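First comes the structure, then the notes that go with it.
The values are calculated or read from the model by the stated rules, or taken from the named source; none is laboratory data. Because the structure is predicted, anything quoted here is derived from the model rather than measured. Ideal geometry is used to build each Cβ from the backbone, glycine not excepted, and the neighbour counts take in all protein chains shown. Surface areas here come from the heavy atoms of the whole protein model, side chains and all, with no ligands, DNA or RNA. Shrake-Rupley method; radii C 1.70, N 1.55, O 1.52, S 1.80 Å.
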Protein chains: 2
Amino acid sequence: MPSDPLNDATTALITLGGQRVWSLLVSVFGDLAPGEGTGIRGPVLSAIMTGMNVRAEATRVALHRLRNDGWITSEKSGRTSLHGLTDFGRTETQQASLRIYAGPHALQGNWRILLMADAAETTEPPRGFLQICPRVFIGPAGDIIPENAMALTGTSMPLWLRRDITPADLCADYATLHRILLTADQALPDGTPLPPTDRAVLRCLIVHNWRRLLLRHPDLPAALYTPDWRAPECRVLVNRLLQRFPRPNLADLSP
Amino acid sequence: MPSDPLNDATTALITLGGQRVWSLLVSVFGDLAPGEGTGIRGPVLSAIMTGMNVRAEATRVALHRLRNDGWITSEKSGRTSLHGLTDFGRTETQQASLRIYAGPHALQGNWRILLMADAAETTEPPRGFLQICPRVFIGPAGDIIPENAMALTGTSMPLWLRRDITPADLCADYATLHRILLTADQALPDGTPLPPTDRAVLRCLIVHNWRRLLLRHPDLPAALYTPDWRAPECRVLVNRLLQRFPRPNLADLSP
């Protein structure tokens with residue numbers, strides 16, 4: 001049996017683990033139908049989920065859960081349902097999309113350390129910052145200094161701090177995703193013809209696995225992580241593959 | 001009774017409190033006989049201590065204690081004793097003298113913050129630094145970065161941190177000393193003739209009260225303290241008064 005590069009890529013992405021169906025569905029709606037007034041017809045959604053090896057029953061259960069949680073709304077339209085994000089679901093999705101679809105510049109840039117005035121007031125880290133120790137947070141450079149904070153910079157970023165900042169499990173997960181994306185990038189070069197549903201499946205799997213890792217850490221400059229941190233390389237490949245295989249028109253998706 | 005400016009100054013300095021006799025004696029030896037092979041004859045020491053309102057019995061007890069602690073050695077020389085610092089006492093005294101007699105430039109300069117790699121290793125602050133919170137220390141700028149530390153700088157020093165750094169009691173003590181030194185500086189201008197023993201008493205009281213406050217905090221740049229921190233102004237006045245009333249030759253001191 002000859003190797004099928006698309007099948008290899010989707011299989012590798014599917015077997016990455018962490019494929020909770022409701023979470024997969026959020027990735028699907030976020031990528032294919034993020035805008036107000038858009039939705040995905042039941043049979044189309046089933047075809048995409050089947051392409052991700054998700055059984056119809058599991059999709060039904062997950063849709064039910066997402067409706068209960070206020071993320072998804074489903075309307076009968078003739079003999080089929082039309083599923084779409086609620087206002088709440090759309091707001092949440094769009095917030096995350098700013099990071100998920102951001103270009104490679106997003107992980108560039110300088111960093112700064114914030115020393116907070118009072119430990120008691122800083123149980124929440126400043127937005128986008130990571131806590132190093134009580135009252136000390138690190139994050140991207142910027143002009144706005146939060147109230148009761150002192151902004152500090154340094155000339156070098158010591159390896160021990162990069163090790164403290166880099167989560168070992170996430171670092172390993174990025175390395176795995178990086179290998180899969182690199183293989184897909186080479187096996188599915190520019191000009192590879194992909195039917196709309198296959199394109200939708202590939203896109204959603206890429207977005208989903210990228211999102212799963214990305215949203216588990218703040219968006220810190222690459223210089224803060226150890227040299228084996230592959231998030232920036234993953235972002236470059238995610239951007240390239242999503243551009244190569246654009247979002248299909250929902251009307252083109254059969255059945 | 002006309003006001004006696006010298007008496008006013010010494011009385012003000014004597015009544016500042018914290019005049020433990022053994023500590024006063026250390027100031028006297030540190031200022032008048034710091035060098036190897038120097039000493040103070042018993043009757044001269046008595047005259048100086050009397051000038052500081054210390055009773056002979058209290059001086060004897062304190063000398064006894066300092067001998068037991070290895071700071072002072074006393075030798076009979078004919079009918080009088082010759083008291084002097086031991087090697088240990090001289091080393092300790094000279095270490096402190098570097099700060100006590102340092103010029104006004106000593107409190108100038110920039111600051112930096114050190115973030116230490118591991119809280120467990122930093123129960124001792126880096127030399128000359130003050131702890132802000134676990135793993136974070138502030139002190140004078142410098143080129144040498146301690147191992148396992150990251151050097152940070154900021155463009156501004158917020159008032160809340162200056163308040164954290166400034167000890168309220170010490171700040172009040174400096175304000176009091178500053179008023180006394182300012183009055184002495186004006187009441188005893190250049191050219192004021194002072195007999196050698198009076199000069200010795202005045203010097204030792206100035207050094208002693210300055211030393212008492214100075215050695216209770218690290219030598220941080222003035223910019224780190226609140227604007228009411230009078231240590232830099234005290235240092236200027238201490239330097240000026242000690243220059244105006246130089247160390248008397250011990251041989252000139254009678255009896």
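Could you pull out the longest piece of chain B with no exposed loop GluC sites (Glu not before Pro) in it, calling a site exposed if DSSP puts it outside H, G, I, E, B and it has at most 12 other Cβ atoms within 10 Å?
Counting only loop sites that pass the neighbour cut-off, the longest clear stretch is B:37-146.
Heavy-atom accessible area for A:Ser46, with the other protein chains in place and a 1.4 Å probe, reaches approximately 60 Å².
Note the full-extension length gain between A:Gln94 and A:Ile145 as 0.36 nm times their separation in residues minus their Cα-Cα distance, in nm to one decimal.
Answer, rounded to one decimal: 15.8 nm.
Applying both filters, DSSP loop and at most 16 other Cβ atoms within 10 Å, to the trypsin sites (Lys or Arg not before Pro) of segment B:182-255 gives B:Arg216. Only protein heavy atoms count here, probed at 1.4 Å, and on that basis chains B and A bury about 1600 Å² of accessible area in total. The angle separating the long axis of helix B:168-187 from the principal Cα axis of greatest extent in chain B is about 50 degrees. Give the angle, between 0 and 90 degrees and rounded to the nearest 10, that separates the Cα long axis of helix A:5-14 from the longest principal axis of the Cα atoms of chain A. Helix A:5-14 sits roughly 60 degrees off the main axis of chain A. Legend: mean number of C-beta atoms from other chains within 10 angstrom of residue C-beta atoms, peptide A:134-145, equals 2.
The accessible surface of the protein assembly as shown, taken with every protein chain in place and a 1.4 Å probe, is 52 percent carbon and sulfur. Electrostatic tally near B:Gly51: other residues with Cβ closer than 12 Å to its Cβ, Lys and Arg +1, Asp and Glu -1, net +1.
Charged neighbours of B:Gly30, selected by a Cβ distance under 13 Å, balance to +4 (K, R count +1; D, E count -1). GNM on chain A, alpha-carbon springs under 10 angstrom: the most fluctuating residue among A:Arg79, A:Arg41, A:Arg90 is A:Arg79. Starting from the Cα gyration tensor of segment B:1-145, take the square roots of the eigenvalues, sort them a ≥ b ≥ c, and report rounded, prolate or oblate (rounded when a/c is under 1.5, otherwise prolate if a/b is larger than b/c, else oblate). It comes out prolate by the Cα gyration axes. Taking a ≥ b ≥ c as the square roots of the eigenvalues of the alpha-carbon gyration tensor, segment A:65-199 is classed oblate because a/c is 1.5 or more while a/b is no larger than b/c.
State, as an integer percentage, the relative contact order of chain A based on alpha-carbon contacts under 8 Å between residues 6 or more apart. With pairs under 8 Å counted, the relative contact order is 27 percent.
With the simple spin-label model, which puts each label point 7 Å out from Cα in the Cβ direction, the A:Ala175 to B:Ala172 separation comes to 6.0 nm.
For the pair A:Thr226 and A:Asp4 in one chain, pulling the backbone fully straight at 0.36 nm per residue adds 76.4 nm over the alpha carbon distance. Shape analysis of segment B:18-102 places it in the oblate category; the axes a ≥ b ≥ c from the Cα gyration tensor give an a/c of at least 1.5, with a/b not above b/c.
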